[in-house]
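The structure appears right after this line, and notes come after that.
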Amino acid sequence: MVQYLRTHLDASFAALSDATRRGVLEQLGRADASITELAEKFHMTLTGMKKHVGVLEQAGLVTTEKVGRVRTCKLGPRRLEEEAAWIESYRQLWDLRFDELDKVIEELKRKEKVDGRKKRG
């Protein structure tokens with residue numbers, strides 16, 4: 001299970017690491033599109049767009065269907081729930097660490113105030 005999740009996370013984050021691929025996902029979130037339409041929108045060659053779509057497809061984020069000579073892309077079945085849960089666990093960890101840091105800072109400020117009063121007095 002852990003290895004399976006790690007493989008999914010690796011594929012998803014690799015796919016999402018590229019601005020063009022994130023843009024393709026945003027575009028497909030609005031409407032399905034052919035590879036030709038996507039290539040035109042992102043000002044790239046068909047070959048380049050096919051490679052981007054292939055990466056997204058391997059990650060399960062996009063599916064394609066060929067009808068005649070046209071390959072249409074749409075959002076895939078994966079909803080990034082595992083990825084969001086992984087990110088959330090680290091967000092919670094960092095929140096705890098920042099809360100502890102806030103306590104340390106408040107304690108240092110309190111001590112600084114007390115020390116400042118002692119020096120004046």
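For a test of understanding, tell me how many lysine pairs in the chain have Cα atoms under 18 Å apart, given they are 8 or more places apart or on different chains.
Qualifying lysine pairs in the chain: 13.
In whole percent, how big is the carbon plus sulfur part of the accessible area of the chain, probe 1.4 Å, protein atoms only?
55
How would you rank 87-95, 30-38, highest first, on the average number of other Cβ atoms within 10 Å across their residues? Mind showing how you got there, number by number?
Details: 87-95: 10.1, 30-38: 15.2.
Highest to lowest by the protection proxy: 30-38, 87-95.
Rounded to the nearest Å, what's the spacing between the alpha carbon centres of the range 1-77 and the range 83-121? Just the number, please.
That distance is 42 Å.
Hey, what did the chain get for relative contact order, percent, Cα under 8 Å, at least 6 apart? Write down the numbers at each step before the final one.
Numbers: 87 pairs, mean separation 27.6, N = 121.
Once divided by the residue count of the chain, the mean separation gives 23 percent.
Grab the beta carbon distance between E37 and D10, set R0 = 30 Å, and tell me the FRET efficiency rounded to 0.05.
On the way: r = 29 Å, r/R0 = 0.97.
The computed FRET efficiency comes out at 0.55.
State whether the chain is rounded, prolate or oblate according to the following rule on the C-alpha gyration tensor (a ≥ b ≥ c being the square roots of its eigenvalues): a/c under 1.5 gives rounded; otherwise a/b larger than b/c gives prolate, and the remaining case gives oblate.
Values: a/c = 4.96, a/b = 2.91, b/c = 1.70.
Prolate shape, in that a/c is at least 1.5 and a/b is the bigger ratio.
Decide, for the range 54-121, between rounded, prolate and oblate: order the square roots of the alpha carbon gyration tensor eigenvalues as a ≥ b ≥ c, take rounded if a/c falls under 1.5, and otherwise choose prolate if a/b is larger than b/c, else oblate.
Verdict is prolate for the range 54-121.
Give me the accessible area per residue for the chain, probe 1.4 Å, as a whole number in Å².
Values: 9180 Å² over 121 residues.
Counting only protein heavy atoms, the per-residue value for the chain is 76 Å².
So if I place +1 on the C-beta of Lys and Arg and -1 on the C-beta of Asp and Glu, and nothing else carries charge, what would the dipole magnitude of the chain be about its Cα centre? I want it in debye, nearest 20.
Working: 24 positive and 20 negative charges, 112 e Å.
Dipole size: approximately 540 debye.
The values are calculated or read from the model by the stated rules, or taken from the named source; none is laboratory data. If you're wondering where the values come from, they're calculated on a predicted model, not measured in any experiment. Positions of Cβ are backbone-derived with ideal geometry, glycine not excepted, and every protein chain shown enters the neighbour counts. Heads up: the accessible areas ignore ligands, DNA and RNA and are worked out on the full protein's heavy atoms, side chains in. Shrake-Rupley method; radii C 1.70, N 1.55, O 1.52, S 1.80 Å.
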